Amino acid sequence: MKQLASFLLLFIFTLSVFAQGQNEDPNFKNSPDLKITDVSVVFDSRLSQLIFTIETEGLAGNSTPSAFGKMDGAPVLGYVFPTTLKPEDVGFSTTEGIVALALTSHPDFDDTPLWDENNDRNYANDGVIWHPHWVVLTEDTRVSGGLAVKQFNPDDKNVTLPPTNPGMPMYMDSPGYPVITKENEVRVVVPAYRMSHKTQFNFDAVTAYMQVNASNANYPMLGVYAVYSIASGDLSLPFTVSNNL
């Protein structure tokens, strides 16, 4: 928990010094669509599912990135739930970092090869449609947000990813849970067995801008460059799961 606390402290500190990501839409900074007003995770024991919800001031999911035209430098927008879950709870091998459920949109690439989110029978063209990823975030001072999705050496045989991972050398999974955007809410439904039946944990919510790097080894493959809103105000992960009996 000490390492988790140090990550969060660094993250909070860097909020005041964020530099704009190279391809960040300047309208994101003040968009009501990205201003969080409430967050919840509810465990429905009848269906054994957890419902993660972020409420916003504007229309949740209405703002999406514009295509950059290539993977290197591609913008990624996210509604993110940092949690106190362990990487093993969601199918990763043991590692240090913050497990987060990230709902993302990125029109330049599709990293959910098993899922056809826009139901057009093409599994490789719907990256802009809001979809979920489990990720492990780790401290990375090379980017202005101070965090990045944790990478690993592709030859490291000790790393385990869920079989639904998108094939990138990062602690990332593309689990295919349904994401629903309606009015001021964005919601994702997760079966409890896909989280090792962990139904009690702490969490928070942030909206963030990330960017892909595929050419410069001095920077992470997917780093956090800006945070627009934090549900708790200080990223202290104070929220707990409620039960819907």
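The values are calculated or read from the model by the stated rules, or taken from the named source; none is laboratory data. Nothing here was measured: the structure is a model prediction, and the numbers come from that model. Heads up, the Cβs are rebuilt from the backbone with ideal geometry, glycines too, and the neighbour counts pull from every protein chain shown.
Scan region 27-70 for residues that are at positive phi and surrounded by 15 or more Cβ atoms within 10 Å (Cβ to Cβ) and the total you get is 1.
Among the residues of region 149-159, at least one is buried (at least 20 other Cβ atoms within 10 Å of the Cβ), touching a residue at least 24 places away in the same chain (Cβ under 8 Å) and closer than 23 Å to residue 109 by Cα. For residue 134, the test of being under 16 Å from the mean Cα position of the chain (by Cα), over 20 Å from residue 97 (Cβ atoms), surrounded by 18 or more Cβ atoms within 10 Å (Cβ to Cβ) and in contact (Cβ under 8 Å) with a residue 40 or more places away in the chain is failed.
Yes or no, residue by residue, for (1) of a type outside the set (Ser, Thr, Tyr); (2) modelled with pLDDT of 95 or more; (3) in a loop (DSSP other than H, G, I, E, B):
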| position | (1), (2), (3) |
| --- | --- |
| 40 | no, yes, no |
| 55 | yes, yes, no |
| 80 | yes, yes, no |
| 95 | no, yes, yes |
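Determine if region 10-29 includes at least one residue that is among the basic types (Lys, Arg), at pLDDT 95 or above and outside any strand (DSSP E or B). Checked region 10-29: no residue is among the basic types (Lys, Arg), at pLDDT 95 or above and outside any strand (DSSP E or B). With a requirement of 1 or more residues that are within 15 Å of residue 145 (Cα to Cα), the strands (runs of 3 or more DSSP E) lying completely within region 173-241 that satisfy it span 206-212, 222-230. Any idea how many residues of region 126-143 are under 15 Å from residue 76 (Cα atoms) and not in a strand (DSSP E or B)? Residues in region 126-143 being under 15 Å from residue 76 (Cα atoms) and not in a strand (DSSP E or B): 6 in total.
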